[in-house]
Amino acid sequence: MSSADFTYDHVGATRERGFCPPGFRPTHVRTRLGEGEEVFRQAAEAVLTWELHRELGVGVDTTADRAAPGVDVTITLAGIVRAPCRVVWTVEETRRAGWAYGTLAGHPECGEESFVVDRTGDGTVWLTVEAFSRPARWYARAGGPATRGLQHAYARRCGTVLRRLATRGLEEH
(Lines give C-alpha, C1' and ligand atoms only; values in the text may rest on other atoms or scores of the structure.)
Protein backbone atom coordinates (compact mmCIF):
# COMPACT_ATOMS: atom_id res chain seq x y z
CA MET A 1 0.00 0.00 0.00
CA SER A 2 1.44 3.35 -1.01
CA SER A 3 1.70 6.03 1.64
CA ALA A 4 1.35 8.72 -1.06
CA ASP A 5 -2.40 9.19 -0.47
CA PHE A 6 -2.08 9.68 3.27
CA THR A 7 -1.80 13.16 4.80
CA TYR A 8 1.03 12.22 7.17
CA ASP A 9 4.28 10.27 7.33
CA HIS A 10 4.76 7.29 9.68
CA VAL A 11 1.89 5.31 8.12
CA GLY A 12 1.23 2.25 10.28
CA ALA A 13 3.04 3.68 13.30
CA THR A 14 0.13 3.03 15.70
CA ARG A 15 1.28 -0.62 15.69
CA GLU A 16 4.08 0.62 17.95
CA ARG A 17 2.30 1.34 21.22
CA GLY A 18 2.91 4.83 22.54
CA PHE A 19 4.60 6.16 19.40
CA CYS A 20 3.81 9.79 18.58
CA PRO A 21 5.71 11.61 15.82
CA PRO A 22 7.09 15.10 16.53
CA GLY A 23 4.44 17.81 16.04
CA PHE A 24 1.49 15.47 16.74
CA ARG A 25 -0.62 15.03 19.87
CA PRO A 26 -1.04 11.55 21.34
CA THR A 27 -4.31 9.99 22.46
CA HIS A 28 -4.44 6.85 24.58
CA VAL A 29 -7.71 5.66 26.12
CA ARG A 30 -8.07 2.15 27.54
CA THR A 31 -11.46 0.85 28.67
CA ARG A 32 -12.27 -2.40 30.48
CA LEU A 33 -15.04 -4.20 28.61
CA GLY A 34 -15.56 -7.29 30.77
CA GLU A 35 -14.16 -10.79 31.05
CA GLY A 36 -14.05 -13.98 29.06
CA GLU A 37 -13.84 -15.42 25.58
CA GLU A 38 -17.40 -14.47 24.57
CA VAL A 39 -16.91 -10.81 25.55
CA PHE A 40 -13.68 -10.78 23.54
CA ARG A 41 -15.31 -12.45 20.53
CA GLN A 42 -18.28 -10.07 20.46
CA ALA A 43 -16.08 -7.00 20.98
CA ALA A 44 -13.63 -8.06 18.26
CA GLU A 45 -16.42 -8.68 15.78
CA ALA A 46 -18.05 -5.32 16.54
CA VAL A 47 -14.74 -3.51 15.96
CA LEU A 48 -13.77 -5.40 12.81
CA THR A 49 -17.19 -5.03 11.11
CA TRP A 50 -17.72 -1.28 11.81
CA GLU A 51 -20.59 -2.09 14.21
CA LEU A 52 -18.86 -0.12 16.97
CA HIS A 53 -18.66 2.99 14.81
CA ARG A 54 -22.24 2.67 13.57
CA GLU A 55 -23.48 2.30 17.17
CA LEU A 56 -21.62 5.50 18.06
CA GLY A 57 -24.13 7.30 15.87
CA VAL A 58 -21.67 8.46 13.23
CA GLY A 59 -22.10 7.88 9.52
CA VAL A 60 -19.93 5.08 8.16
CA ASP A 61 -19.35 4.74 4.43
CA THR A 62 -16.87 2.00 3.58
CA THR A 63 -15.67 -0.05 0.62
CA ALA A 64 -15.87 -3.37 2.57
CA ASP A 65 -17.97 -5.04 5.28
CA ARG A 66 -14.87 -5.79 7.35
CA ALA A 67 -11.71 -3.84 8.14
CA ALA A 68 -8.74 -4.83 5.99
CA PRO A 69 -5.64 -2.98 4.81
CA GLY A 70 -6.49 -0.68 1.91
CA VAL A 71 -10.21 -0.40 2.73
CA ASP A 72 -11.46 3.18 2.52
CA VAL A 73 -13.86 4.44 5.16
CA THR A 74 -15.42 7.85 5.57
CA ILE A 75 -16.83 8.81 8.96
CA THR A 76 -19.44 11.55 8.91
CA LEU A 77 -20.18 13.54 12.06
CA ALA A 78 -23.57 15.23 12.42
CA GLY A 79 -24.08 14.79 8.68
CA ILE A 80 -21.69 17.70 8.12
CA VAL A 81 -18.06 16.88 8.89
CA ARG A 82 -16.63 14.22 6.56
CA ALA A 83 -13.50 12.39 7.64
CA PRO A 84 -12.01 10.19 4.87
CA CYS A 85 -9.57 7.50 6.00
CA ARG A 86 -7.95 4.27 4.85
CA VAL A 87 -7.27 1.16 6.94
CA VAL A 88 -3.50 0.77 7.26
CA TRP A 89 -3.27 -2.42 9.32
CA THR A 90 -5.39 -5.07 10.99
CA VAL A 91 -4.78 -7.77 13.56
CA GLU A 92 -6.87 -10.89 14.22
CA GLU A 93 -5.25 -13.14 16.79
CA THR A 94 -6.51 -15.42 19.56
CA ARG A 95 -6.31 -12.65 22.18
CA ARG A 96 -6.00 -9.48 20.08
CA ALA A 97 -8.10 -8.00 17.27
CA GLY A 98 -8.49 -4.58 15.69
CA TRP A 99 -7.29 -2.15 13.10
CA ALA A 100 -6.01 1.35 12.46
CA TYR A 101 -6.85 3.91 9.85
CA GLY A 102 -4.95 6.89 8.56
CA THR A 103 -6.26 10.21 7.35
CA LEU A 104 -6.73 11.10 3.70
CA ALA A 105 -7.19 14.51 2.03
CA GLY A 106 -10.28 16.29 3.35
CA HIS A 107 -10.08 14.88 6.90
CA PRO A 108 -10.24 17.62 9.58
CA GLU A 109 -7.26 16.04 11.35
CA CYS A 110 -4.00 14.59 10.12
CA GLY A 111 -2.78 11.32 11.65
CA GLU A 112 -3.68 7.78 12.56
CA GLU A 113 -6.02 6.06 15.02
CA SER A 114 -6.23 2.43 16.14
CA PHE A 115 -9.01 0.45 17.82
CA VAL A 116 -7.70 -2.76 19.40
CA VAL A 117 -9.48 -5.28 21.62
CA ASP A 118 -7.27 -7.53 23.71
CA ARG A 119 -7.82 -10.25 26.28
CA THR A 120 -5.17 -10.39 28.99
CA GLY A 121 -3.91 -13.53 30.72
CA ASP A 122 -6.46 -13.20 33.52
CA GLY A 123 -9.32 -13.06 30.96
CA THR A 124 -10.01 -9.33 31.21
CA VAL A 125 -11.05 -7.77 27.89
CA TRP A 126 -9.95 -4.24 27.03
CA LEU A 127 -10.44 -1.74 24.22
CA THR A 128 -7.49 0.54 23.55
CA VAL A 129 -7.97 3.57 21.32
CA GLU A 130 -4.59 5.01 20.43
CA ALA A 131 -3.87 7.86 18.04
CA PHE A 132 -1.56 10.63 17.02
CA SER A 133 -2.99 13.67 15.31
CA ARG A 134 -2.78 17.35 14.57
CA PRO A 135 -5.34 19.72 13.03
CA ALA A 136 -5.50 19.76 9.23
CA ARG A 137 -8.50 22.02 8.55
CA TRP A 138 -9.09 25.58 9.74
CA TYR A 139 -12.02 24.61 11.97
CA ALA A 140 -10.01 21.88 13.71
CA ARG A 141 -7.25 24.43 14.40
CA ALA A 142 -9.80 27.05 15.52
CA GLY A 143 -11.32 24.56 17.98
CA GLY A 144 -8.02 24.35 19.86
CA PRO A 145 -8.40 22.57 23.21
CA ALA A 146 -12.10 21.91 22.54
CA THR A 147 -11.19 19.80 19.49
CA ARG A 148 -8.75 17.84 21.65
CA GLY A 149 -11.45 17.33 24.29
CA LEU A 150 -13.84 16.01 21.65
CA GLN A 151 -11.25 13.49 20.49
CA HIS A 152 -10.81 12.14 24.02
CA ALA A 153 -14.58 12.09 24.59
CA TYR A 154 -15.01 10.13 21.34
CA ALA A 155 -12.40 7.56 22.44
CA ARG A 156 -14.08 7.18 25.86
CA ARG A 157 -17.48 6.79 24.19
CA CYS A 158 -16.02 4.03 21.99
CA GLY A 159 -15.26 2.08 25.18
CA THR A 160 -18.70 2.67 26.68
CA VAL A 161 -20.52 1.62 23.51
CA LEU A 162 -18.27 -1.39 22.90
CA ARG A 163 -18.76 -2.59 26.49
CA ARG A 164 -22.53 -2.65 25.83
CA LEU A 165 -22.09 -4.45 22.49
CA ALA A 166 -19.62 -7.00 23.89
CA THR A 167 -21.78 -7.98 26.85
CA ARG A 168 -25.24 -8.00 25.26
CA GLY A 169 -26.99 -11.30 25.71
CA LEU A 170 -24.56 -12.44 28.42
CA GLU A 171 -25.74 -13.08 31.97
CA GLU A 172 -24.28 -10.94 34.71
CA HIS A 173 -22.35 -12.96 37.27
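Annotations
- Matching entry among Glu35, Glu16, Glu51 (being out of contact with any helix residue (DSSP H, G or I) (no Cβ under 6 Å at 6 or more places or on another chain), at pLDDT 95 or above and open to solvent by 70 Å² or more (accessible area, probe 1.4 Å)): Glu35
- For segment 120-148, the set of residues classified as open to solvent by 50 Å² or more (accessible area, probe 1.4 Å) and modelled with pLDDT of 90 or more consists of Gly121, Asp122, Trp126, Arg134, listed by residue number.
- Pair list, Cβ under 9 Å, 6 or more apart: segment 65-82 residue closer than 15 Å to Ala97 by Cβ, other residue among the hydroxyl-bearing types (Ser, Thr, Tyr): Arg66/Thr49; Arg66/Thr90; Ala67/Thr49; Ala67/Thr90; Ala67/Tyr101; Ala68/Thr90; Pro69/Thr90
- Between His10, His28, the distinction of being open to solvent by 70 Å² or more (accessible area, probe 1.4 Å), more than 23 Å from Trp126 (Cα to Cα), touching an Asp or Glu at 6+ places or on another chain (Cβ under 8 Å) and not basic (Lys, Arg) belongs to His10 only.
- Taken over segment 54-65, residues that are closer than 18 Å to Arg157 by Cβ and either of a type outside the set (Val, Ile, Thr) or open to solvent by less than 10 Å² (accessible area, probe 1.4 Å) (or both) amount to 5.
- Test: Phe40 is farther than 23 Å from Phe132 by Cα and open to solvent by less than 20 Å² (accessible area, probe 1.4 Å): yes
- Residue count for segment 95-115 satisfying the condition of being in a loop (DSSP other than H, G, I, E, B) and touching a residue at least 40 places away in the same chain (Cβ under 8 Å): 3.
- Complete set of residues in segment 124-162 that are closer than 14 Å to Leu33 by Cα and either in contact with a helix residue (DSSP H, G or I) (Cβ under 8 Å, 6 or more places away or on another chain) or part of a strand (DSSP E or B) (or both): Thr124, Val125, Trp126, Leu127, Thr128, Val129, Cys158, Val161, Leu162
The values are calculated or read from the model by the stated rules, or taken from the named source; none is laboratory data. All figures in this text were calculated on a predicted structure; none of them were measured in a lab. Quick reminder, even Gly has a Cβ in these numbers, built from the backbone with ideal geometry, and neighbours come from all protein chains shown. The accessibility values were calculated without ligands, DNA or RNA, using every heavy atom of the protein model including side chains. Shrake-Rupley method; radii C 1.70, N 1.55, O 1.52, S 1.80 Å.
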